[in-house]
Amino acid sequence: MERSQSIKLLIEDVDSGKIVLPEFQRDFVWETSKTYDLFDSLVKDIFVGSIIYGIPSFEIMIRDVDNRKKITKNKKRPSLNPRKLSKEEIEQSRKIDKPIRLVLDGQQRTTAIYRAIKGTDEVYFVSKHEDELEKAFDKCNLEELLFEFSGTDDVNRICLKLSDVWKMDTEDPDEDEIKEKYFFQTDYYKNYSHEEDFDERGEFKKFRFLRKKITELIKAEKLLNYYLLDMSLEKFVVFFERSNTKGVQLNFIDILAAKLYIGNFNLKAKIKSFSDSYPNYELVPEIIVRAIAYIKSSPKEINRNYILTGLKAEHFIELWDNICDLYKKSLDFLYENNYIISQSWMPYDNILIPTMMFLNEIGGDFHKMTQKQKEFYSFWYWNSVFSLRYSGSSNERIIEDSTVLINIANGKKITSIAFFNKLTKTQVLNPDDIFSFTKKANAVYKGVLNLINFHSSGLSDWKNDSKLSLNSELEDHHIFPKAYLEVLLKNESEKDFIDCVANRTLVPKSLNIKISDKKPSEYLSEINKVNHEFKTTLQNHLIPDELLTGELDNDYQFFIQIRASEIFDKINKYVIQPLEKVKQEFFEEQKIDETSNVSIFAKYKGSPAEATFNPLSHKVFYKGKLFDSPSMAAIEMKIDNGASADTTENGWTFWRFIDANGNEKKIDEFRKNAQ
């Protein structure tokens, strides 16, 4: 029978050891972006699947939920402490209120929730502005307040870290402590508290309300569904043999296809037609669909709600073939210019959409791209990858970047310094940062391997020194074989770096060299007999050719330090260093005429309003009255449209304008550019 529980109860049961994992369960592998999606679904009451617990009737090896911090160099991670759960312990736990339970299915969800609530992974609830809401902030439910979940505080929005909400609930601080320890520490408060019209009481009231609503979510009794199975060993084994044989679920594209078919557009047939015409390419239908949504929407919207409600069959009939052509040409461009090694190793599929919009704007032919435009594209592409720009909720980034690249295609400059600030938050600031990237699903991990390819003008096949093809079937090969290092390395903390990207390179799966636990010099020498240019090939992969001589066979730490430094040199060259040159070439500070006013607009509860703003005096002229600040005018506008007399608003983020390049921006841009 299916039951339900709260996040609070889940956390307490993990902390008390009542919920544990079977030792043979796979490690926690979720990227943080999947945790954001999970909490987004919980807030929106979208079914996330049931957790299945089992009460064993036999002794079994167990371990704790993985709450360790990510790998950092020279810092040993604590063990997960596998231990035996004896029959005696099981029988004893059955006699109390709640027996020990094993997580049989749902380990990734359970671990993600636990890590977020306990603060191991930083997960922020980022709220909407009040002008984005249909009613007052404190009249909204949590779903209405949600803008996105993110890994960082948002300087322009009220945010709450989930682990801080948990601490406030368990520690029960008084109001002054909450202000000092939590509210005053937010980037939002630090950015706006010095403003004369900043209403500390009103903003803190929103902060407290948001905390209350998130606490209610954590304590909601019927939030998480679970099954509790009391099983014999035989049933336990059968469960795991069959646990992956689930029915096929409808996905977003299936639903869209059903809708478009009514309008005589056979989406599934079109997808198949592309695959038949280009068997060496993988079509990601959502990329095509979102690109069509970007072109057809005004204002720009590419979310699933707009796609399912706003797009019609005629839009697809008009644009599908052209967008698919842009898709293929963009993949060809990325491969031919060495931004990607193969399609399956792209850091982000979504990065294709701004690329396609740029290509469309220059006439559908990358040969029309100027050298300056190519320099900007390279800067944008690599910074998007290494800043994890397209992880998590990426629709806003896709729209912003598509608009920017369209303007670059038309010879226009960027007038927002905030764009550069958001784009250049690279995750790798020194060689040691490279050691923390160990999973191929991570965009930075893929980005490192692709950047080596970019620097080397294409990675070479180890067997014959030819360039790897776009549809190459590649694997991220351990340069120092894993089995060899398990024996060579005696220190457990050193073994944490066996899988790091500094020990990886991409080679065809068909290499057919028996590596096993051989020394690097031993198996590489076998390849050297076949490929007489193998030293050059190794250099092409940023691998020191000293590996062939055997002098590094017993010094793995020295090898990965050298390679990490080489990789960072390339990150510095292509990602970090170009910033100032690109800003000088493509950024143009917004020119403000002292005598001129700017037309601004806003919307509150669906009602629009227009006003004028003086960038130097910061005064706003609205409905025949002159207001001394944007916030005072924003409050007046809200009251005009039904808000209470004690409403508050940050006018700098409430009012918007259209810049010279056609971009919709907050008037906060004027203040940022003046700093």
Open item on the list: part of a helix (DSSP H, G or I), small (Gly, Ala, Ser) and under 17 Å from Met346 (Cα atoms): is that true of Gly447 in this structure?
Closed with: yes
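Which of the residues that make up region 544-578 are of a type in the set (A, V, I, L, M) and touching a Leu at 6+ places or on another chain (Cβ under 9 Å)? Step through it out loud before you land on a result.
Residues of region 544-578 of a type in the set (A, V, I, L, M): 547-548, 552, 560, 562, 564, 567, 571, 575-576.
If the condition is that a residue be of a type in the set (A, V, I, L, M) and touching a Leu at 6+ places or on another chain (Cβ under 9 Å), then Leu547, Leu548, Ile562, Ile567, Ile571, Val575, Ile576 are the ones that fit.
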Task: In region 159-195, the residues that are modelled with pLDDT under 95 and among the β-branched types (Val, Ile, Thr) - done: Thr170, Ile178, Thr186
Open item on the list: Out of Lys167, Lys95, I need the residue that is basic (Lys, Arg) and surrounded by 13 or more Cβ atoms within 10 Å (Cβ to Cβ). Which one?
Closed with: Lys167
Task: Subset of region 426-457 that is small (Gly, Ala, Ser) and touching an Asp or Glu at 6+ places or on another chain (Cβ under 9 Å) - its residue that is modelled with the highest pLDDT - done: Ala443
- [ ] Tell me, yes or no, whether region 106-124 has at least one residue that is of a type outside the set (Asp, Glu), in contact with a Cys (Cβ under 7 Å, 6 or more places away or on another chain), modelled with pLDDT of 90 or more and at negative phi.
- [x] yes
Task: Odd one out for Lys270, checked against (1) within 21 Å of Trp345 (Cβ to Cβ); (2) in contact with a Cys (Cβ under 9 Å, 6 or more places away or on another chain) - done: (1)
- [ ] Give region 364-378 a look and list any residue that's touching a helix residue (DSSP H, G or I) at 6+ places or on another chain (Cβ under 9 Å), assigned to a loop (DSSP other than H, G, I, E, B) and surrounded by fewer than 16 Cβ atoms within 10 Å (Cβ to Cβ), or say none.
- [x] Gly364, Asp365
- [ ] State whether the residues of region 617-639 include one that is β-branched (Val, Ile, Thr), exposed (fewer than 15 other Cβ atoms within 10 Å of the Cβ) and closer than 29 Å to Asn421 by Cα.
- [x] no
Task: helices (runs of 4 or more DSSP H) completely within region 468-562 that count 2 or more residues being out of contact with any Pro (no Cβ under 6 Å at 6 or more places or on another chain) and among the hydrophobic types (A, V, I, L, M, F, W, C) - done: 482-488, 520-530, 534-540
Open item on the list: It is to be established whether one or more residues within region 357-375 are more than 30 Å from Ile498 (Cβ to Cβ), touching a residue at least 60 places away in the same chain (Cβ under 8 Å) and out of contact with any Leu (no Cβ under 8 Å at 6 or more places or on another chain).
Closed with: yes
Open item on the list: Being surrounded by 22 or more Cβ atoms within 10 Å (Cβ to Cβ), farther than 28 Å from Glu475 by Cβ and either out of contact with any Phe, Trp or Tyr (no Cβ under 8 Å at 6 or more places or on another chain) or not charged (D, E, K, R) (or both) is the requirement here; does Leu359 meet it?
Closed with: yes
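Listed here are the residues, each with its yes/no results for (1) free of Cβ contacts under 8 Å to residues at least 40 places away in the same chain; (2) of a type outside the set (Gly, Ala, Ser); (3) under 25 Å from Ser193 (Cβ atoms); (4) part of a loop (DSSP other than H, G, I, E, B).
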{"residue": "Glu580", "(1), (2), (3), (4)": "yes, yes, no, no"}
{"residue": "Glu589", "(1), (2), (3), (4)": "no, yes, no, yes"}
{"residue": "Ala602", "(1), (2), (3), (4)": "no, no, yes, no"}
{"residue": "Lys638", "(1), (2), (3), (4)": "no, yes, yes, no"}
{"residue": "Trp652", "(1), (2), (3), (4)": "no, yes, yes, no"}
TODO: Might you let me know whether region 379-402 holds any residue that is outside the structural domain of Thr653 (by TED's automatic domain parsing), over 20 Å from the mean Cα position of the chain (by Cα) and of a type outside the set (Phe, Trp, Tyr)?
DONE: no
TODO: Go through region 78-92 and give me each residue that's loosely packed, with under 10 Cβ neighbours inside 10 Å and over 37 Å from the mean Cα position of the chain (by Cα).
DONE: Glu88
TODO: State which residue pairs qualify: first residue in the same structural domain as Ser466 (by TED's automatic domain parsing) and modelled with pLDDT under 90 and inside region 498-520, second residue surrounded by fewer than 18 Cβ atoms within 10 Å (Cβ to Cβ) and basic (Lys, Arg) in any location, beta carbons under 7 Å apart, and separation of 6 or more residues or different chains.
DONE: Leu511/Lys463
Open item on the list: Given the options Glu143, Glu177, Glu148, name the one that is outside the structural domain of Asn641 (by TED's automatic domain parsing), more than 29 Å from Asn303 (Cα to Cα) and either among the acidic types (Asp, Glu) or under 25 Å from the mean Cα position of the chain (by Cα) (or both).
Closed with: Glu177
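For region 266-354, give me every one of the helices (runs of 4 or more DSSP H) that falls completely inside it and has 3 or more residues that are within 29 Å of Asn663 (Cβ to Cβ). Show your work before the answer.
Details: elements: 267-277, 285-296, 304-310, 313-336.
Filter on region 266-354 gives 285-296, 304-310, 313-336.
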- [ ] Return the total of residues in region 97-134 being in contact with a Ser or Thr (Cβ under 8 Å, 6 or more places away or on another chain), assigned to a strand (DSSP E or B) and more than 16 Å from Lys44 (Cβ to Cβ).
- [x] 4
TODO: Determine which single condition Lys482 fails, assuming it passes every other condition in (1) at negative phi; (2) in contact (Cβ under 8 Å) with a residue 24 or more places away in the chain; (3) surrounded by fewer than 21 Cβ atoms within 10 Å (Cβ to Cβ).
DONE: (2)
TODO: Just name the residue that is farthest from Trp652 (Cα to Cα) out of those in region 612-632 that are outside any loop (DSSP other than H, G, I, E, B) and touching a Lys or Arg at 6+ places or on another chain (Cβ under 8 Å).
DONE: Leu626
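Say we look at region 540-560 and pick out the residues that are in contact (Cβ under 8 Å) with a residue 60 or more places away in the chain and surrounded by fewer than 17 Cβ atoms within 10 Å (Cβ to Cβ); which of these is farthest from Val448 (Cα to Cα)? Can you show your working first?
First, the residues of region 540-560 that are in contact (Cβ under 8 Å) with a residue 60 or more places away in the chain: 540-543, 547, 554, 556-557, 559-560.
Going one step further and asking which of them are surrounded by fewer than 17 Cβ atoms within 10 Å (Cβ to Cβ), we end up with 554, 557.
Numbers: Asn554: 25, Gln557: 19 Å.
Restricting to residues being in contact (Cβ under 8 Å) with a residue 60 or more places away in the chain and surrounded by fewer than 17 Cβ atoms within 10 Å (Cβ to Cβ), the top hit is Asn554.
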TODO: Run Thr215 past the list (1) buried (at least 18 other Cβ atoms within 10 Å of the Cβ); (2) at pLDDT 90 or above and report the number of the one that doesn't hold.
DONE: (1)
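The values are calculated or read from the model by the stated rules, or taken from the named source; none is laboratory data. Computed from a predicted model, the values in this text were never measured in an experiment. As a convention, Cβ positions derive from the backbone with ideal geometry for all residues, glycine included, and neighbour counts pool all protein chains shown.
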